[in-house]
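Q: The structure that follows is given in the form of structure tokens.
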Amino acid sequence: MLSKIDLTQGGITGTLLHFTLPMIIGSLLQQCYNIADTLIVGQCIGSGALAAVGSAYTLMVFLTSILLGLSMGSGTVFSLQYGAGRTDSLRRNIYVSALLIGTVTLILNIAVFVWIHPILRLLQIPKDIYGMMYDYLWIIFWGIGFTFIYNFYAALLRAIGDAVTPLWFLAVSVVLNIGLDLFFILQLDWGIKGAAIATVAAQGVSALGIMGYVYVKYPELRLHRNDLHFDRHCLKEITSFSALTCVQQSVMNLGILMVQGLVNSFGTVIMAAFAAAIKIDSFAYMPVQEFGNAFSTFIAQNFGARKEERIRKGVKSALITTVLFSLVISILVFLFAKPLMLIFVRPHETEILNIGISYLRIEGAFYCGIGILFLLYGYYRAIRMPGMSVVLTVVSLGTRVALSYWLAGIPAIGVIGIWWSIPIGWFIADVIGIIYYKQLKKETAKEVPTPSQCP
């Protein structure tokens, strides 16, 4: 049964939550790819392997963020075309977008294989885990193509209101990933290589599965012969959204990667603590991140349908929902920081535990800041102003990186300064984004731009 939701109709809060829930579950499941590796590796192999997988995760997030950003940008265009009822134009955009992102994927895949050693040296990977991280990444890199396929088709389905289907394929692949992890590591004793093979195999299942499903169940999205031409207008539209969204995602994760490099300079213990804590962190604020993405689709569809009053009400509803949810999650993470760390770290590794708990209680107290920031990203992307999302990302990450390197260099502060720099960056970007939003509302005389009409 198809599960499409028309975001231009019905109650706003209920419709948004209904659309967001499968996206949240799906995104949390996607995190399980590396979480499963981290948990099983940390408990079964040791802290060195935990540090290697955790640092590799940060690198992979940066690389895949390029593909995710391109897919998200394309998804915004798909939502605009779908909301405006232009099915023919939607198919042409699908073709152009697939060619564009597929080409970038191929180039990226070749580049990471060629420069894997310089990348590891840039990240300041300690010698005692260098070999393990190399082995893990060499295998993981073979799954980049699967990452492109899954995220592209997931963005397409969400753009037309179907957020449930990507969830099912992801759920199956996550279960497969965990099962293969246990089999390869515990039964075959393949170590960290087994964890990587399990992840790539599971990603392949979700990618090929969702691609086949779209072809069979959504005939209106199948490309016709007259759709298979490289339309310049479509390319311009896709590029304007995808490139800026890609820049946003890349800048965001480049900043995180730079912070990871700084963390690595403190040694394996800090790396292991950060690796475990950042997994918990990712799970904790993932719901508000996906709510921001769902909010962006909501705004884009209504923008395409020219429903400005519904957009205004949607902004208010989304803000209230995000703030309340973020506060609840912050309280839970603060109270249960130690039990959460014990999921990944053995009880006797007290130094790693204490460092991770410190990270979670500092950053976790301010999830409201990143929740609002995700809403601002989604809003500006949907109203055809993706450049503003890039500006906010640069402000947030620039502040984080600058403060991290400055504060960590002060002996009396050290690594704690890295933890504090993160929420500070969020809130500075929030203030700028909200001020600009209010300024836009005052410019009532300015004509609202209309959705592009790709011929």
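Q: Please list W420, W142 in order of solvent-accessible area, largest first, computed with a 1.4 Å probe with all protein chains present.
A: W142, W420
Q: What is the spin-label model distance, in nm, from Y215 to R232 if the labels are put 7 Å beyond Cα along the C-beta direction?
A: 3.3 nm
Q: Could you check the spin-label model distance between I331 and I410? Points 7 Å from the Cα along Cα→Cβ, value in nm.
A: 3.2 nm
Q: Continuing with this model, one more query. Can you list residues whose amide H is under 5 Å from D162's amide H, if they're 5+ apart or on another chain and H is modeled 1.01 Å from N?
A: I5
Q: Here's another thing I want to ask about it. Going down the list K307/K442; K193/K279; K236/K307; K127/K279; K217/K279; K338/K438, which pairs span over 30 Å between their C-alpha atoms?
A: Violating the 30 Å Cα-Cα cut-off are K217/K279; K338/K438.
Q: Given R₀ = 30 Å, what would the calculated FRET efficiency be for R306 paired with L122, taking r from the Cβ atoms and rounding to 0.05?
A: E between R306 and L122, to the nearest 0.05, is 0.05.
Q: Which residue, chosen from A207, V172, G194, occupies the Cα position most advanced towards the positive end of the dipole of the range 98-224, where the dipole is computed from +1 (Lys, Arg) and -1 (Asp, Glu) charges on Cβ about the Cα centre?
A: A207
Q: At a Förster distance of 51 Å, what's the computed FRET efficiency of V114 paired with T13, Cβ-Cβ distance as r, to 0.05?
A: Working: r = 49 Å, r/R0 = 0.96.
Efficiency, rounded to the nearest 0.05: 0.55.
Q: On the protein heavy atoms, probe 1.4 angstrom, tell me the percent of accessible surface of the chain carried by carbon and sulfur.
A: 69 percent
Q: Can you give the calculated 222 nm mean residue ellipticity of the chain, where each DSSP H run of n ≥ 4 adds -39,500 (n - 2.57) and the sum is split over every residue, rounded to the nearest 500 deg cm²/dmol?
A: Details: 16 runs with 364 residues, N = 455.
Helix-only estimate at 222 nm: -28000 deg cm²/dmol.
Q: Let me ask something additional. Specify the angular offset, from 0 to 90 degrees and rounded to the nearest 10, of the alpha carbon long axis of helix 127-140 from the longest principal axis of the alpha carbons in the chain.
A: 30 degrees
Q: Could I ask something else about it? Kindly write out, for the range 417-424 in residue order, the coupling ³J(HN,Hα) from the Karplus curve 6.51 cos²θ - 1.76 cosθ + 1.60 (θ = phi - 60°), rounded to whole Hz, with x marking Gly and Pro.
A: Residue by residue, the range 417-424 yields x, 5, 5, 6, 5, 5, x, 4 Hz.
Q: Sort the following peptides by mean Cβ neighbour count (other Cβ atoms within 10 Å, averaged over residues), highest first: 65-74, 327-336.
A: Packing proxy ranking, top to bottom: 65-74, 327-336.
Q: Mind giving me the FRET efficiency for F183 and L223? R0 is 56 Å, r the Cβ-Cβ distance, nearest 0.05 is fine.
A: Efficiency at R0 = 56 Å is approximately 0.90.
Q: Moving to a separate point now. How large is the charge dipole for the chain, taken about the Cα centre, if only the Cβ atoms of Lys, Arg (+1) and Asp, Glu (-1) carry charge, to the nearest 20 debye?
A: In debye, rounded to 20, the chain gives about 1120.
Q: Relative to the longest principal axis of the chain, what angle (0 to 90°, nearest 10) does the C-alpha long axis of helix 367-382 take?
A: 30 degrees
Q: Considering only A337, T350, I370, whose Cα is most displaced toward the positive end of the charge dipole of the range 333-386, charges sitting on Cβ of Lys, Arg (+1) and Asp, Glu (-1)?
A: I370
Q: By how many degrees, between 0 and 90 and to the nearest 10, does the Cα long axis of helix 144-159 differ from the longest principal axis of the chain?
A: 40 degrees
Q: With the calculation restricted to Cα positions, what are the radius of gyration and Dmax of the chain in angstrom?
A: Values for the chain (Cα only, Rg and Dmax): 21.5, 68 Å.
Q: Quick one: what are the phi-derived ³J(HN,Hα) couplings along the range 268-278, Karplus 6.51/-1.76/1.60 with θ = phi - 60°, whole Hz, x for glycine and proline?
A: Each residue's phi maps through the Karplus curve to give 5, 5, 5, 4, 5, 5, 5, 4, 6, 5, 5 Hz.
Q: What are the ³J(HN,Hα) couplings of the range 102-115, residue after residue, when phi is run through the Karplus curve with 6.51, -1.76, 1.60 and θ = phi - 60°? Round to Hz, x for glycine and proline.
A: Values, residue by residue: x, 5, 4, 4, 4, 4, 4, 4, 5, 4, 5, 6, 5, 10 Hz.
Q: Using Cα centres only, tell me the gap between the range 329-370 and the range 164-225 in whole Å.
A: Taking the Cα centre of the range 164-225 as reference, the centre of the range 329-370 is 30 Å away.
Q: May I pose another question? Where the only charges are on Cβ atoms (+1 Lys, Arg; -1 Asp, Glu), what is the dipole of the range 50-161 about its Cα centre, to the nearest 20 debye?
A: Details: 6 positive and 3 negative charges, 58 e Å.
Computed about the Cα centre, the dipole is about 280 debye.
The values are calculated or read from the model by the stated rules, or taken from the named source; none is laboratory data. Quick caveat: nothing in here was measured; it's all calculated off a predicted structure. Because the Cβ atoms are built from the backbone with ideal geometry, glycine has one as well, and the counts that use them run over all protein chains shown. These area figures cover heavy atoms from the full protein model, side chains too; ligands, DNA and RNA do not enter into them. Shrake-Rupley method; radii C 1.70, N 1.55, O 1.52, S 1.80 Å.
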